[in-house]
Amino acid sequence: MLVKVFGSAVYGIKATTITVEVNVTSGVNFFLVGLPDSAVKESQQRITSALMTNGFKMPGHKIIINMAPADIRKEGSAYDLPIAIGILAGSEQIVSDKLHEYIIMGELSLDGGLQPVKGVLPIALQAAAEGYKGLILPVQNAKEASIVKELDVYGMANIREVVDFLCGKGNFTPEKCNVDEMFSETVNHYSVDFSDVKGQENVKRALEIAAAGGHNIIMIGAPGSGKTMLAKRLPTIIPPLSLEEALETTKIHSVAGKVEKNGGLITHRPFRAPHHTVSDVALVGGGTYPQPGEISLAHNGVLFLDELPEFKRAVLEVMRQPLEDRQITISRAKFSIEYPANFMLVASMNPCPCGFHNHPEKECVCPPGMVQRYLSRISGPLLDRIDIQIEVVPVPFDKLSEQRLAESSDVVRERVIKARLIQQDRFFGEQNVHCNAMMSSRLIRKYCKLSDAGMAILKNAMEKLGLSARAYDRILKVSRTIADLEGSLDIKTHHIAEAINYRSLDRNDWAG
């Protein structure tokens with residue numbers, strides 16, 4: 001008997017429906033075709049054990065399984081369940097008229113239990129787009145898939161429950177998810193706050209500007225001056241995720257298998273902080289079976305690179321293209337995959353190997369030329385792509401010991417949201433431009449016009465600091481954001497002066 005069961009394959013952050021065709025005829029062999037990888041081929045042993053443990057049997061006949069379309073590679077163990085159900089239906093051990101209505105996915109344990117799978121949210125979105133009635137998944141994945149309201153999502157613990165459901169036995173209730181309630185319960189609830197940071201008002205100002213315009217920022221300062229503490233609090237002042245952003249972020253984490261067990265929608269902006277020993281593949285994504293890297297997991301959030309010069313140069317250089325294009329393309333011989341990578345880069349570094357160059361109290365013990373060699377580990381083209389460079393000075397004791405609370409994240413975030421709304425109106429109708437940091441050269445010319453006095457200040461800075469054309473654009477973008485925070489239509493001279501001040505590493509005294 002020939003039956004068809006439907007599964008799904010995920011490529012990048014998009015899913016493709018897979019038709020699992022099972023034909024049970026006379027004979028004794030088992031054939032699995034349709035470009036399966038080794039994990040899919042091994043499903044025969046898992047399925048045989050699961051069926052026998054649950055009172056079914058592996059048919060003593062010739063079984064041909066085709067996974068169509070046959071030119072797409074099928075990866076992983078998530079096809080165990082649809083293949084097993086196809087075998088049961090093809091051998092007439094079960095009879096069901098529901099097989100064509102549902103996408104079925106799940107990995108089988110030897111006892112028939114269902115293990116969670118990756119990429120459930122893209123699968124659910126594709127199933128809804130193609131008009132399927134629902135999904136049958138492992139119970140751990142049900143909440144994540146139930147974000148898609150158009151589907152009936154059934155979370156099952158084992159193959160016996162799946163069979164009972166398909167045969168109309170038992171009482172099964174689809175998983176429900178109230179997305180609005182999920183947002184209201186978690187949005188703007190953070191375990192850290194800007195008020196925790198004593199002093200550092202100039203750095204907080206720079207971080208506020210970075211959050212308001214979506215700018216990349218690097219903090220340079222001695223050990224213990226608060227760089228990491230400040231970076232971890234940056235997500236608390238960025239505007240909360242919209243539903244569209246939350247769905248896109250959750251899709252990426254779902255594909256990578258990073259959604260928490262029994263977790264649903266990701267409602268907080270991601271904060272990723274890879275160690276400096278990270279490889280270039282782990283950072284940008286890739287591998288034999290391409291997976292999203294840290295820059296894609298930080299999409300719509302913050303990527304924090306602590307001790308930037310300690311990262312391998314090759315690792316840092318692969319970020320140059322994603323920083324400009326806000327997406328990463330992973331190419332292989334037969335296909336290419338695109339992952340979004342619209343993140344804010346926040347980096348920190350010591351000014352020299354000992355950490356005390358330009359320190360107000362401690363003396364630097366690095367030999368002559370060491371500071372220059374240390375800074376040169378970061379290439380000029382990469383530094384050009386970082387809009388704001390700010391020096392972080394150690395906090396004096398009187399600031400550390402004062403009891404007065406600093407400004408909270410809620411207050412700062414309100415100002416940032418107002419600035420973002422101005423930008424939202426400004427770029428209405430512009431494709432893939434949502435904040436000042438995303439402006440193209442055309443938009444910079446249109447929205448970053450300077451007065452004669454402002455142009456003179458910028459010209460003087462360009463000549464003295466030897467800035468590149470890209471740094472020129474960055475200064476204009478930052479000055480536009482400073483003006484937005486003030487609610488000013490025009491970029492004034494003090495806006496451009498403050499933006500120039502955020503080019504610390506371009507100043508000659510850093511290489512002294």
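The values are calculated or read from the model by the stated rules, or taken from the named source; none is laboratory data. No experiment lies behind these values; they were computed from the predicted model shown. Methodologically, a virtual Cβ is constructed for each residue, glycine included, from the backbone with ideal geometry; neighbour enumeration extends over all protein chains shown. Just so you know, the surface numbers come from the protein's heavy atoms only, side chains and all, with ligands and any DNA or RNA stripped out. Shrake-Rupley method; radii C 1.70, N 1.55, O 1.52, S 1.80 Å.
Before moving on, here are some points about what is shown:
- Exclusive hit being within 15 Å of Gly7 (Cα to Cα) and of a type in the set (D, E, K, R), set Lys149, Lys176, Lys133: Lys133
- Residue in the stretch 418-431 that is assigned to a helix (DSSP H, G or I), of a type outside the set (Asp, Glu) and within 30 Å of Pro309 (Cβ to Cβ) present: no
- Hey, Ile64 closer than 25 Å to Leu110 by Cβ and of a type in the set (A, V, I, L, M, F, W, C) or not: yes
- Residue in the stretch 414-433 that is touching a residue at least 24 places away in the same chain (Cβ under 8 Å), among the small types (Gly, Ala, Ser) and either surrounded by 15 or more Cβ atoms within 10 Å (Cβ to Cβ) or in contact with a helix residue (DSSP H, G or I) (Cβ under 8 Å, 6 or more places away or on another chain) (or both) present: yes
- For the stretch 435-456, a tally of residues being surrounded by fewer than 18 Cβ atoms within 10 Å (Cβ to Cβ) and in a loop (DSSP other than H, G, I, E, B) returns 3.
- Output for the stretch 462-486, where each listed residue is within 31 Å of the chain's Cα centre (by Cα), open to solvent by 20 Å² or more (accessible area, probe 1.4 Å) and among the small types (Gly, Ala, Ser): Ser468, Ala469
- Tally of residues being closer than 18 Å to Ser26 by Cβ, among the small types (Gly, Ala, Ser) and open to solvent by 30 Å² or more (accessible area, probe 1.4 Å) across the stretch 54-100: 2
- In the stretch 467-485, the residues that are charged (D, E, K, R) and either within 15 Å of Arg503 (Cβ to Cβ) or modelled with pLDDT under 95 (or both): Arg470, Asp473, Arg474, Lys477
- The test for being more than 22 Å from the chain's Cα centre (by Cα) and of a type in the set (Val, Ile, Thr) holds for Val162.
- When Glu150, Glu130, Glu161 are screened for being open to solvent by 10 Å² or more (accessible area, probe 1.4 Å) and free of Cβ contacts under 8 Å to residues at least 12 places away in the same chain, only Glu161 passes.
- Taking the criterion of being over 15 Å from Ala437 (Cβ atoms) and of a type in the set (D, E, K, R), the residues of the stretch 312-326 that qualify are Lys312, Arg313, Glu317, Arg320.
- Residue match in the stretch 308-323 (condition: under 22 Å from the mean Cα position of the chain (by Cα) and without any contact (Cβ under 8 Å) to a residue 12 or more places away in the chain): yes
- Evaluation of Ala222 against (1) at pLDDT below 90; (2) buried (at least 17 other Cβ atoms within 10 Å of the Cβ); (3) under 17 Å from the mean Cα position of the chain (by Cα) (one fails), failing number: (3)
- Check on Tyr374, hydroxyl-bearing (Ser, Thr, Tyr), in contact with a strand residue (DSSP E or B) (Cβ under 7 Å, 6 or more places away or on another chain) and over 25 Å from Val192 (Cβ atoms): no
- When residues in the stretch 33-53 are screened for being open to solvent by 30 Å² or more (accessible area, probe 1.4 Å) and not small (Gly, Ala, Ser), 10 of them pass.
- Checked against the criterion of being within 25 Å of Lys334 (Cβ to Cβ), among the β-branched types (Val, Ile, Thr), at pLDDT below 95 and in contact with a Ser or Thr (Cβ under 8 Å, 6 or more places away or on another chain), the stretch 65-88 contains one or more residues that satisfy it.
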